[in-house]
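Q: Before I ask anything, let me first share the structure, which is written out below as structure tokens.
The values are calculated or read from the model by the stated rules, or taken from the named source; none is laboratory data. All figures in this text were calculated on a predicted structure; none of them were measured in a lab. Virtual Cβ from ideal backbone geometry, glycine too; neighbours counted across all protein chains shown. These area figures cover heavy atoms from the full protein model, side chains too; ligands, DNA and RNA do not enter into them. Shrake-Rupley method; radii C 1.70, N 1.55, O 1.52, S 1.80 Å.
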Amino acid sequence: QFDYEVRDLLVSLERDKQKTILLKTRSAQYAASPQDILYIETLPKKHLRFHFQNDHMDIPGLIGTWETWLASQEFFRAHNAYLINLSYVRKIDGDCVIITNGETLPVSHRRKKELCDAFCLHLMHIH
């Protein structure tokens, strides 16, 4: 049932890219705009942690699914465990990304060039 709910949610997200998404746990619901997500991190047991400026939320799911759904929202999978919102990238330094809140996230060696290209395209679109 969770897969169907997420799929329906993301179909509506694709229709209206400014629409909020609903992240659900067993005990809470959180409405978020994709633009508010700093990055998504994989956790054990098929769970994900959605990181925001001052909060995070853990939900069941697979990062590959969200990678597909958020590709049009300027997210990039820089590492097997991280899907990063390019709007929050401050610096790409070696095999790391430093995001605007100061956190450092790893970058896969094989994805570094593609990340740099995606980041440059992102910067060209916002300026």
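Q: Does Leu38 meet the test of being open to solvent by less than 20 Å² (accessible area, probe 1.4 Å), touching a Phe, Trp or Tyr at 6+ places or on another chain (Cβ under 6 Å), under 27 Å from Thr104 (Cβ atoms) and at pLDDT 85 or above?
A: Considered against the rule, which asks whether it is open to solvent by less than 20 Å² (accessible area, probe 1.4 Å), touching a Phe, Trp or Tyr at 6+ places or on another chain (Cβ under 6 Å), under 27 Å from Thr104 (Cβ atoms) and at pLDDT 85 or above, Leu38 comes out as yes.
Q: When residues of segment 35-59 are filtered for being in contact (Cβ under 8 Å) with a residue 60 or more places away in the chain and out of contact with any Ser or Thr (no Cβ under 9 Å at 6 or more places or on another chain), how many remain?
A: 1
Q: Next up: For segment 79-99, how many residues are touching a Cys at 6+ places or on another chain (Cβ under 9 Å) and open to solvent by less than 20 Å² (accessible area, probe 1.4 Å)?
A: Adding up the residues that qualify gives 0.
Q: Also: List pairs: first in segment 69-89 and under 17 Å from Phe52 (Cα atoms), second open to solvent by less than 20 Å² (accessible area, probe 1.4 Å) and small (Gly, Ala, Ser), Cβ under 6 Å, 6+ apart or cross-chain?
A: Taking only residues 6 or more apart or on different chains, the pairs are Ile84/Ala78.
Q: Quick check on Arg26: is it open to solvent by 60 Å² or more (accessible area, probe 1.4 Å), outside any strand (DSSP E or B) and of a type in the set (Lys, Arg)?
A: yes
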